[in-house]
Structures are given as structure tokens and as C-alpha cells.
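Only one structure is covered here, and it is reproduced in the block below.
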Amino acid sequence: MMDIFTVSAIRPIRDYMTISRDAHLGITNKVTWFSMGKNTSISQECYDHSTIYMVNDGEGVFAIGIEGDKVIANKGDIVFIEPGTLLGVETRSGVIFTEIINLEAIKMTEKIVPGEIFALKNLIDYEDGSISNLDLASNGTFKYVLMAFDEGTGLTPHRAPGNAVVFALEGKAIIGYEGLDYEIHEGQCFR
């Protein structure tokens, strides 16, 4: 897999089709990229584990719970679903999203309300000359972190075990990886 990518390029929308692809990013936490073409749907289903959905592109209508309460999610929106909660997805124009099924107990920040759609960039603020960090979800093998880097700030080079994927929500940044610099822009990802 290339280092800088978009989920839309890996799993592009195909009219009238729903396509899923294992992201091969975890064993304990299953990560799948979904592409739904116009006028497609996924019937309601539920998992015995917490699930996170992040819309990478397009617009989807998420039907949540027994009543199928419908909420609209767009690029950059997230929805957290508790274990045993029914969820279905439909789209008129097409949607691409990442599904993360947590096969172990997950701890979510109180800022996230189960079943509500929210924009990640609205959960955190830039701080003058600083890096803001908000742990959204975690368990023993998985951590989902939201970070805001003020202009001119950056992390000291470091190593960490396991896979990491960076999703750029806005702006641009330079990521140093194994001696090379990669420029990442809004809507792009880096593994």
C-alpha cells in the first residue's frame, strides 16, 4: 500500500454497488472500508461489540435502533454505536466510510454520545503554539486520538508498536517516516 492515500481512491464508489474491503489494520479491532454507490443500502444489523463509523466521502443516512431513527452523516462525521444496537446505512448519491468494530471492551470519551452524528473537527480546538490531543476511544489494543497542531508545531520523531493511520481533517502537514518527508492534505490518509 502506498504511504499517502485516500480511502476514496482505494475503495471508490461504484454506482448501484456496495463494496467492502478489509483494511488489514488490526486483528483485535476489525477495520473495513465501505463504498456504497448511489441508491444503495445496507439493511439494519447489530454487533455484540462497539462500532465506530467515520464518513470519508459523500453522504450517508444512518438508521439507528429498533425504530430506525435516521441521521445524516457527511465527510468528516463520526457515529459511535453501542453493542447490540441496530444500524443500517443508505445513500442517494454515494458514500464511503470506515467501520471499526471493537472486539474488546472500548472506553469512549464522554464527549461522544452513542447514536449521535458529530464532526471530529468540532470536538477539538487549536491552541496557540501548541498541540491539542483528545483520546476519543481506546482499549488494550486500539487507540483513536484526535489531534490539532497549531502552525509551526510538531511531534518529536518516535516509534510505536502496531499500525497507525493518520486521517487529515483539514489543512496540511509534513509527516516524517523512515527518513522521508510526506506532505499530507485535507482528505488524505497516511499509513
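Descriptive notes on the structure:
- Search result, residues across the range 20-40 that are farther than 11 Å from Ile96 by Cβ and touching a Gly at 6+ places or on another chain (Cβ under 7 Å): Lys38
- Condition check for Val61: in contact (Cβ under 8 Å) with a residue 40 or more places away in the chain, more than 15 Å from the chain's Cα centre (by Cα) and assigned to a strand (DSSP E or B): no
- Residue satisfying all of: in the range 64-96; on the phi > 0 side of the Ramachandran plot and either part of a strand (DSSP E or B) or out of contact with any Ser or Thr (no Cβ under 7 Å at 6 or more places or on another chain) (or both); most open to solvent (accessible area, probe 1.4 Å) among these: Gly84
- The residue that is least open to solvent (accessible area, probe 1.4 Å), counting only those in the range 3-19 that are in a helix (DSSP H, G or I) and under 11 Å from Phe97 (Cβ atoms), is Val7.
- Hey, Ser43 in contact (Cβ under 8 Å) with a residue 40 or more places away in the chain and more than 11 Å from Ile101 (Cβ to Cβ) or not: yes
- Residue tally, condition open to solvent by less than 30 Å² (accessible area, probe 1.4 Å), in a loop (DSSP other than H, G, I, E, B) and not aliphatic (A, V, I, L, M), over the range 22-58: 2
- For Ile124, the conditions (1) at pLDDT 85 or above; (2) touching a Ser or Thr at 6+ places or on another chain (Cβ under 6 Å) all hold with the exception of (1).
- Of the listed requirements (1) without any contact (Cβ under 8 Å) to a residue 40 or more places away in the chain; (2) over 15 Å from the mean Cα position of the chain (by Cα), His49 misses just one: (1).
The values are calculated or read from the model by the stated rules, or taken from the named source; none is laboratory data. The structure presented is a predicted model; accordingly, all values stated were derived computationally and were not measured. Heads up, the Cβs are rebuilt from the backbone with ideal geometry, glycines too, and the neighbour counts pull from every protein chain shown. We work out accessible area using only protein heavy atoms, side chains counted, and drop any ligands, DNA or RNA first. Shrake-Rupley method; radii C 1.70, N 1.55, O 1.52, S 1.80 Å.
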